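Notes for the one structure printed next.
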Amino acid sequence: MIKNKRALGENIETEACRCLIKNGYRIIERNFRVGRFGEVDIIASEGESICFVEVKGRSSDIFGTPAEAVNFRKQATIRKLASIYLGRTGNSEINIRFDVAEVYFKATPIDFRIERINLIKNAF
């Protein structure tokens, strides 16, 4: 497995951004963090909606799908951060959506390869 998990995570998020752009999203911000509340991986727009996108990568489904890893606690964190973001930007009257980008990859000790990305709109 790749030794630098942070670099792997950043690369997976970059690939998710490419996929989102290819599917008509416009990336607004990456890694939106508020203190110790947590982080939203990607904030993007699609049509008339602002989308808060959680990116989850997995090399297999042995322990469940990537989307299944976005549990109730993580969903609550993302909702709270979305509320803070919308308050800061004055976009409280806009449509919002919570999406998940499932990134499946194969890893070796020195590299990885994206196998597929599933975009799940309105995931929660």
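Here are a few things to note about the model shown:
- Pairs linking a residue in region 105-124 that is farther than 12 Å from residue 58 by Cβ and free of Cβ contacts under 8 Å to residues at least 12 places away in the same chain to a residue that is in a strand (DSSP E or B) and among the aromatic types (Phe, Trp, Tyr), with Cβ atoms under 9 Å and 6 or more positions apart or on different chains, are 113/105.
- Count - residues of region 39-48 that are more than 19 Å from residue 74 (Cβ to Cβ) and modelled with pLDDT of 95 or more: 2
- Boolean, residue 63 is of a type in the set (Phe, Trp, Tyr) and under 19 Å from residue 6 (Cα atoms): no
- Reported count of residues in region 61-72, each being in contact with a strand residue (DSSP E or B) (Cβ under 8 Å, 6 or more places away or on another chain) and either within 16 Å of residue 116 (Cβ to Cβ) or among the β-branched types (Val, Ile, Thr) (or both), is 4.
- Looking across region 84-103 at every residue that is of a type in the set (Ser, Thr, Tyr) and at pLDDT below 95, the one that is farthest from residue 35 (Cα to Cα) is identified as 92.
- Options 30, 36, 79; residue that is at pLDDT 95 or above and more than 12 Å from the chain's Cα centre (by Cα): 79
- Any hit, region 39-50, residues being farther than 15 Å from residue 96 by Cβ and of a type in the set (S, T, N, Q): no
- Residue match in region 90-105 (condition: of a type in the set (Gly, Ala, Ser) and more than 19 Å from residue 7 (Cα to Cα)): yes
The values are calculated or read from the model by the stated rules, or taken from the named source; none is laboratory data. On a predicted model such as this, the values are computed, not experimentally measured, just so you know. Methodologically, a virtual Cβ is constructed for each residue, glycine included, from the backbone with ideal geometry; neighbour enumeration extends over all protein chains shown.
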